[in-house]
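The structure appears below as structure tokens.
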Amino acid sequence: MFEETGKKSYKLQPISSDPLYDSVMVSKFTNHVMRKGKKDIARKIVYKSFENIKNKEKKDPLEVFNSAILNVSPEMEVRSKRVGGATYQVPMKVNKKRAMSLAMRWIIGSAKNKKGKAMIERLSDEIMSASKNEGEAVKKKETMHKMAKANKAFAYLAK
């Protein structure tokens, strides 16, 4: 049960694909939207925002969603590493799973930060703008890439 590192080993639970779009990514996105275990409300928010996308863009909402996730997923990130008494921001490549998770979190977070509209409209707007390579979530990705580029000198500290 325990490995040499002292950490517990665990198995990841397989996430079943969602019933409407038959996509694991939509199911994960729904789980990210969910608050306090209320999955039914999260599903309604995601499905209705996908419906909004379908009405506004006249495209397949799953296609728009996938392109949005792709556009927001970061390739590099900075991690803090302590060497001696100093802490350095070390640029590192981002794992595919983590990149997808960050992209979903950023899209949902930027939709939450907007005010004035219902969450369904804010989320659909953010997904549409992310698919066009604009919006808050894409800015967040670009900021992270700029930080990684600025701290390129500390790349040798990455293991």
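Data overview
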read-out: Inter-probe distance in nm under a simple model that places probes 7 Å from Cα toward Cβ, at residue 38 and residue 16; value: 2.3 nm
read-out: Sequence-separation-based contact order of segment 24-157, relative, with Cα cut under 8 Å and 6+ spacing, percent; value: 30 percent
read-out: Given 56/141; 8/117; 56/115; 7/132, the pairs whose alpha carbons are separated by over 32 Å; value: 8/117; 7/132
read-out: Potential extension, residue 95-residue 58 segment - 0.36 nm per residue separation minus Cα distance; value: 10.0 nm
read-out: Segment 154-159 - phi-based ³J(HN,Hα) in whole Hz, Karplus 6.51/-1.76/1.60, Gly and Pro as x; value: 9, 4, 5, 7, 6, 9
read-out: Rounded if a/c under 1.5, otherwise prolate or oblate - the chain, Cα gyration tensor axes; value: oblate
read-out: Extension gain from residue 132 to residue 87, taking 0.36 nm per residue of separation minus the Cα-Cα distance; value: 12.5 nm
read-out: Ranked by how many other beta carbons lie within 10 Å on average, peptides 126-139, 34-47, 83-96 from highest; value: 126-139, 34-47, 83-96
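A short reminder: the numbers here are calculations on the coordinates, not readings from a lab. All of these numbers come straight from a predicted model, not from anything done at the bench. Reconstructed Cβ throughout: ideal geometry from the backbone, glycine too, with neighbour counts over all protein chains shown.
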